[in-house]
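Readers should treat all values here as calculations from the given coordinates under stated rules, not as data from a laboratory. Small disclaimer: the values here were computed from a predicted structure and weren't measured. Note that we place each Cβ from the backbone using ideal geometry, even for glycine, and neighbour counts take in every protein chain shown.
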Amino acid sequence: MTLRIGHGFDVHAFAEGRPLVLGGVRIPSDRGLDGHSDADVVAHALMDGILGAMRAGDIGGLFPDTDPAYEGADSMVLLTRVAGLARERGFRLVDCDCTIAAQSPKLAPYRDAMRERMARAMGVDPSQVGLSATTTEHLGFVGREEGIAAWAVTLLELGECTGGAVPH
Ligand SMILES: Nc1ccn([C@@H]2O[C@H](COP(=O)(O)O)[C@@H](O)[C@H]2O)c(=O)n1
Ligand SMILES: C[C@@]1(CO)OP(=O)(O)OP(=O)(O)OC[C@H]1O
């Protein structure tokens, strides 16, 4: 059995007049995050974590931010595609854990909804998706409420290859 780890990181700046979507969940907020897509920063970190474990590049390569097809894209649809690609290449998501750094809003009330939504998008059980939130104690760009950062670690198991080449 081959295990692969992956790690993803993403940042998006706050923007007025946009919805705040995190982990596929619309979070009540007077502002959202700027981006070509829906700017779901935690979903983006998670996709990069999966692609990293697959040694398959990153989301910018797969879904270029210059492509009008991804304007306003629902990151849950993209996450489903990344999870499908992983399966095609013989990978099984064993576990993942995400951290969101946001000074505000309070995210704990939405933690389980985000875990469930991302798990559903990937076709796994919510118990396989961890999620924590932290402030940065008013320090740095997160602390100044200029944006939100997210990290994700992933553990994938490489088994039978059912299609496509397995990257080295
Ligand atoms: N946007 C956030 C940030 C934090 N939380 C929750 O508060 C706890 C304490 O955060 P500190 O940064 O002060 O350590 C944290 O463990 C989360 O449970 C949150 O819900 N939303
Ligand atoms: C998914 C994409 C698609 O444009 O989303 P963006 O909103 O541009 O977000 P970013 O994390 O800067 O780059 C990833 C892109 O591939």
Checklist outcome for this item: For Val11 and Glu137, extending 7 Å from Cα along the Cα-Cβ vector and measuring point to point gives, in nm, a value of 2.0 nm
Checklist entry - What is the Å³ per residue value for the convex hull set by the Cα atoms of the chain? => result 106 Å³
Item to check | Inter-label distance, nm, simple model (7 Å from Cα along the C-beta direction), Arg81/Glu145 | outcome: 3.5 nm
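Below 8 Å between Cα atoms, with a sequence gap of 6+, how large is the relative contact order for the chain in percent? Could you put the intermediate results ahead of the total?
Details: 395 pairs, mean separation 56.4, N = 168.
RCO, the chain: 34 percent.
If you place +1 on the Cβ of every Lys and Arg, -1 on the Cβ of every Asp and Glu, and leave all else neutral, what size is the dipole of the chain about its Cα centre, to the nearest 20 Debye? The partial results should precede the final answer.
Details: 15 positive and 23 negative charges, 79 e Å.
About 380 debye.
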Checklist entry - To the nearest 10 degrees, how steep is helix 75-88 against the longest Cα principal axis of the chain, on a 0 to 90 scale? => result 20 degrees
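Can you sort His36, His138, His44 so the residue with the fewest Cβ neighbours within 10 Å comes first?
Ascending number of Cβ neighbours within 10 Å: His138, His36, His44.
Sort Ile100, Ile5 so the one with the fewest other Cβ atoms within 10 Å of its own Cβ comes first. Walk me through the numbers on the way to the answer.
Details: Ile100 23, Ile5 12.
If I rank by nearby Cβ atoms, fewest first, I get Ile5, Ile100.
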Checklist entry - Cα convex hull of region 1-64: mean projected area in nm², to one decimal? => result 4.8 nm²
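Within 10 Å of each residue's Cβ, count the other Cβ atoms and sort Ser75, Ser29 from fewest upward.
Numbers: Ser75 28, Ser29 16.
Result, fewest neighbours first: Ser29, Ser75.
Using 1/(1 + (r/R0)^6) with R0 = 35 angstrom and r between the beta carbons of Val94 and Leu62, what's the FRET efficiency to the nearest 0.05?
Numbers: r = 22 Å, r/R0 = 0.62.
In this case the efficiency is close to 0.95.
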